[in-house]
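This report refers to the structure that appears directly beneath it.
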Amino acid sequence: MEERIYLDHAAAMPVHPEVARFGRRFPDGFVGNPSTIYQEGLQAQETLAAAREKVAALVGASAPDSIIFTGGATESNNIAIRGTALRNRKSGKNVVASTIEHISVLNPAKDLQKSGFSLTLAPVDRYGTIDLAALAAAVTPETVVTSVHYANNEIGTIEPIREVAEIVHDRGGLLHVDAADAAGRIPINVKRDGIDLLTLSGNQLGGPDGIGALYIRPGVRVQPVIVGGGQERGLRPGTENVFSIACMGEAARLAKEEMPEESKRLAAIRDRLIAGITEIEEAYLTGHPTMRLPHHASFRFSRIEGESIQLAMNLLGIAVATGSACTSRTLEASHVLLAIGLAHEEAHGSMVATLGRENSEDEVPRIVGAIEETVKRLRAITPL
Ligand code: PMP
């Protein structure tokens, strides 16, 4: 039996072995509650502070207190969108987001319409790059918060965040950037990039699931979305998940250290995959050919269905994605692929391969061969 090849790191990443080792060393398996002031509580506070520093360093934030820990990227996005819109409603009642944001950005933005906000969606081009002229027209002095992700999880395209920030700030609004997939893969610096709020995911850095962070530039006012105690500046009340926070901090430290080498290594594998797979008849790259995440290769194949590709590849020992794991159960065509101009039937034939540290260049021939075989077999039986 050949070893399995796992190519869905955007859906779930194995915990980095060094993070797992760090976790095992964790103070004898017990930490106190950081809200207490005896020794065990103070140790927990120190653990949180150390993790905050490591996460802040990854994204170039100078104040560690500008980082709050959350239950994941979905929660960070909700706090960022709802929290800033509601808290700053006196300065305007419009929210702007790109058409290809993750649903955990789009859904809270849509939901704000019930509270009297208008939502303007800013279009992207056929590569998924935000249309800056359209954005400049969409963002007005009424716009409280604009949300544009650093990179897209389905097509890998990296957005021109500095240009986006200039447009947003010229009109006096706040910029939220979802960097769940980009952080740890490409350099991010909240100051250089002009980011007011930044979403991070613990698992996407090589830490555990169910933990995330939100950078909030000092001075930006945010209203709590969940109410309870005063933890995480009252913005994420509830006893902190100290163990996962510590592991996320360590994952952020390792990601910063390993990014230059590891991203170069993954980009080389990605490029070989893209070269091999686009040789297949009626196989096309989706997303930007060069401005894309180093670990991300995404395609569409005419006349076959993504789910069938996924199942067939699984039987050949390879795990790939079709669209996003977050929406794939709905069987609807991906809003991202429709927004870059694909027809419904084109959008249904998508396949996404996201690489991680255990992948190697040696796997490329087997992956390309398996896709060739799958595509040929499925096309032979397709009614399309
Ligand atoms: N934003 C982006 C860009 C994502 O890709 C994801 C999921 N991978 C999320 C938000 C949501 O993350 P989570 O499911 O961990 O809350």
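Among 310-321, 44-55, what's the highest-first ranking by average C-beta atoms within 10 angstrom per residue?
Descending mean neighbour count gives 44-55, 310-321.
Quote to one decimal, in nm, the extra length available between Glu361 and Ile37 on full extension: 0.36 nm per residue of separation minus the C-alpha distance between them. Don't jump to the answer; show the numbers that get you there.
Numbers: separation 324, 0.36 × 324 = 116.64 nm, distance 5.12 nm.
The Glu361-Ile37 span can extend by a further 111.5 nm.
With charges only on Cβ, +1 for K and R and -1 for D and E, what is the dipole size of segment 71-155 about its Cα centre, in debye, rounded to 20? Walk me through the intermediate numbers first.
Working: 8 positive and 7 negative charges, 90 e Å.
Approximately 440 debye in magnitude.
How tilted is helix 242-277 with respect to the longest principal axis of the chain? Cα atoms for both, answer in degrees (0 to 90, nearest 10).
20
Taking the Cα atoms only, what angle lies between the long axis of helix 73-87 and the longest principal axis of the chain, rounded to 10 degrees?
Value to nearest ten degrees: 50.
Based on the Cβ-Cβ distance from Asp271 to Thr382, what FRET efficiency comes out when R0 is 25 Å, to the nearest 0.05?
Values: r = 29 Å, r/R0 = 1.18.
With R0 = 25 Å, the Cβ-Cβ based efficiency is 0.25.
Positive end of the dipole of segment 17-254, charges at C-beta (+1 Lys, Arg; -1 Asp, Glu), about the Cα centre: which of Cys247, Ala50, Gly228 has its Cα farthest in that direction?
Working it through, the farthest residue towards the positive pole turns out to be Gly228.
Just name one of Met313, Gln204, Val96: the one whose Cα is farthest towards the positive end of the charge dipole of the chain (beta-carbon charges, Lys/Arg +1, Asp/Glu -1).
Going by the charge dipole, the pick is Val96.
Using Cα atoms only, what is the angle between the long axis of helix 39-58 and the major principal axis of the chain, expressed in degrees (0 to 90) to the nearest 10?
Between the helix axis and the principal axis of the chain, the angle is about 50 degrees.
Over the chain, with a Gaussian network built from C-alpha contacts below 10 Å, which listed residue (Ala370, Ala275, Ala267) shows the highest mean-square fluctuation?
Of Ala370, Ala275, Ala267, the Gaussian network model singles out Ala275 as fluctuating most.
Which value, in debye to the nearest 20, describes the size of the charge dipole of segment 17-254 about its Cα centre when Lys and Arg Cβ atoms bear +1, Asp and Glu Cβ atoms bear -1, and nothing else is charged?
Working: 23 positive and 25 negative charges, 97 e Å.
In total the dipole reaches around 460 debye.
May I ask you to list the residues of segment 199-242 whose amide nitrogen lies under 17 Å from a point 7 Å from Cα along the Cα→beta-carbon direction of Lys110?
Within reach of a label on Lys110: no residues.
Excluding residues fewer than 8 places away in the same chain, name every one of the lysines whose C-alpha is closer than 20 Å to that of Lys93.
Correct list for Lys93: Lys110, Lys114.
Restricting the count to DSSP beta bridges whose residues both fall in segment 17-254, what percent are antiparallel, rounded to a multiple of 5? Walk me through the numbers before you get to the answer.
Numbers: 11 of 27 bridges.
Here the share of antiparallel DSSP bridges comes out near 40 percent.
Report the relative contact order of the chain, percent, no decimals, based on alpha-carbon pairs under 8 angstrom and at least 6 residues apart.
Reported as a whole number, the value is 22 percent.
For a quick check: with amide H placed at 1.01 Å from N, whose amide H comes under 5 Å from Asp8's, ignoring anything fewer than 5 positions away on the same chain?
Hits under the 5 Å cutoff: Thr354.
Pull up the DSSP beta bridges for segment 177-245 and report the antiparallel fraction as a percent, rounded to 5.
Numbers: 5 of 8 bridges.
Given both bridge residues lie in segment 177-245, the antiparallel proportion sits at roughly 60 percent.
Using Cα springs under 10 Å in a Gaussian network model of the chain, which residue among Gly287, Gly228, Gly23 shows the largest mean-square fluctuation?
Highest fluctuation of the listed residues: Gly228.
Could you give the dipole magnitude of segment 22-124 about its Cα centre, charging the beta-carbon of Lys and Arg +1 and that of Asp and Glu -1, in debye to the nearest 20? Walk me through the numbers on the way to the answer.
Values: 11 positive and 8 negative charges, 105 e Å.
Using Cβ point charges on Lys, Arg, Asp and Glu, segment 22-124 gives about 500 debye.
Please state the shape class of the chain: rounded when a/c is under 1.5, otherwise prolate if a/b exceeds b/c and oblate if not, all from the C-alpha gyration tensor. If you can, show how the numbers build up before the last one.
Values: a/c = 2.06, a/b = 1.28, b/c = 1.61.
It comes out oblate by the Cα gyration axes.
Under a GNM of the chain (C-alpha, springs under 10 Å), which listed residue has the highest mean-square fluctuation: Tyr38, Tyr127, Tyr215?
So, out of Tyr38, Tyr127, Tyr215, the one fluctuating most is Tyr38.
To the nearest 500 deg cm²/dmol, what mean residue ellipticity at 222 nm is calculated for the chain from DSSP H runs of n ≥ 4 alone, each contributing -39,500 (n - 2.57), summed and divided by the residues? Kindly include the intermediate steps, with their values, before the conclusion.
On the way: 12 runs with 146 residues, N = 384.
Value at 222 nm, helices only: -12000 deg cm²/dmol.
When a/c is below 1.5 the answer is rounded, else prolate if a/b is larger than b/c, else oblate, so apply that to segment 272-384 with a ≥ b ≥ c taken from the square roots of the Cα gyration tensor eigenvalues. Please report the intermediate quantities before stating the final value.
Details: a/c = 1.44, a/b = 1.14, b/c = 1.27.
Rounded.
Read-outs: derived from the displayed coordinates by stated rules, not from any lab. Just so it is clear, the model here is predicted, and its values are computed rather than measured. Cβ coordinates were reconstructed from backbone atoms using ideal geometry, including for glycine residues, and neighbour counts include every protein chain displayed.
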